[in-house]
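Note sheet for the following structure.
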Amino acid sequence: MAQPSSSRGNANDVVLLARGPAWGLPTGCPSCLSAYIYLKLAQVDFSICYNDVAPDADYLPAVEYGESVAYSNDLGGISGFLETQGIANLDAGFSDSDIAFVRSFIAMIWSHLHSMLLCELWDLDNSRVAQHIYFSSLPWPLNKILYWKQQLNNWNYLGLKKGNIEQVNEKMERKATEAYASLSTFLGDKKFFLSARPSSLDAVFLSHALFIMKAPLENSHLKEELNRHSNLVSYVENLQREFLDAQGSAPLAKSIYKRPKRVPAPLRHRPPVQRTEKVKNAKWRSKWFLAAQAASVILALYAWGISAIEIVEEDDEDSFDAD
């Protein structure tokens, strides 16, 4: 059976761009944690660069390899990029039937567990957790406005509307409970889900379970249900000790809370232009124009966020009165 790919070159070749660490985790972002753990399980030498320039960017996490960059929202994602570049492929050497199991369980995790996590993470009870992950480095009131905007986007994505919140939540809780039970049964007392070495299923579930166990989520159905399965908890703790806590296993952290030297295309700088007096005046006028536009957008978003929150509060009051 083929072994998983190891790193090509030294730790400076592969760079993971992620959101900052939190709660004892190398990154507090669930998606970034999944990419981090994939690299660790594949035994890839890499460095990590924490990004505070755009912590709410939808392309994070991202991976750089030489002059190539892969974003999380690219077709194939980061794991596909690592495979095509010959850096790592956790599923190399597994049979077609094993890979079919991996894909079906990963689909279940994303459909049932990830949806439930979104519901809990963007619940008002866990607003501090979500803001810490995505907006902690942004100034007020921009951090609050972007939080409200992202919260409403996720509620729309989950199909949460007036009058169906309780029903949708109950359905997601039931599916999450069934997903944990299926994963627990499939794992049994094995070290990994498939064999004596990790697969992409281990990377996806381990990152999910670590976040659930470490993040201070309030009123978490996921946390409660995960703790019901002792073999899943032991699985997470054992792999954490072996791959994350082992001495010398931590990747090189670069430019923590500073702008990284190499960043994805949306953040790259243009070559410097010689500043003539005409250029300086044009830049001065454009800065004032952009500042005025930004102020108007912030005020509009702030008013929109307040009205949206009022609608949610009214919905909660209506539901309370109905009860």
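None of the figures in this text is laboratory data; all of them are computed from the coordinates on show. Just so you know, these numbers come straight off a predicted model, no measurement behind them. Quick reminder, even Gly has a Cβ in these numbers, built from the backbone with ideal geometry, and neighbours come from all protein chains shown.
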With +1 on each Lys and Arg Cβ and -1 on each Asp and Glu Cβ, how big is the dipole of region 32-77 about its Cα centre, in debye rounded to the nearest 20?
-> 220
DSSP beta bridges in region 14-267 [antiparallel fraction, %, rounded to 5] | 55
Treating only the Cβ atoms of Lys and Arg (+1) and Asp and Glu (-1) as charged, compute the dipole magnitude of region 14-267 about its Cα centre; round to the nearest 20 debye.
-> 560
Can you work out ³J(HN,Hα) from phi for every residue in region 203-214, in order, using Karplus 6.51 cos²θ - 1.76 cosθ + 1.60 and θ = phi - 60°, giving whole Hz and x for Gly and Pro?
-> 5, 5, 6, 4, 5, 4, 5, 4, 5, 4, 6, 9
Please give the net charge around Arg128, taking every other residue with its beta carbon less than 14 angstrom from that of Arg128, where Lys and Arg add +1 and Asp and Glu add -1.
-> -3
Picking from Pro141, Pro21, Leu222, whose Cα lies most toward the positive end of the charge dipole for region 14-267 (charges on Cβ: Lys, Arg +1; Asp, Glu -1)?
-> Pro141
For Cys49, distant residues with modelled amide H under 5 Å away = Leu16, Leu17, Ala18, Lys254
Among Trp122, Trp23, which comes first, second and so on when ranked by fewest other beta-carbon atoms within 10 Å?
-> Trp23, Trp122
Once you put a point 7 Å from the Cα of Lys162 and another 7 Å from the Cα of Gln85, both along the Cβ direction, what distance in nm separates them?
-> 4.8
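Fully extended, how many nm does the chain gain between Trp23 and Ile106 (0.36 nm per residue separation, minus their Cα-Cα distance)?
27.4 nm
Compute and list, largest first, the equivalent-ellipsoid semi-axes of region 14-267 from the alpha carbon gyration tensor, each √(5λ) rounded to a whole angstrom.
The three semi-axes for region 14-267 are 26, 26, 16 Å.
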Ordering 33-43, 169-179 by per-residue average of other C-beta atoms within 10 angstrom, highest first, gives 33-43, 169-179
Relative contact order as a percentage, region 14-267, C-alpha pairs under 8 Å and 6+ apart, gives 29
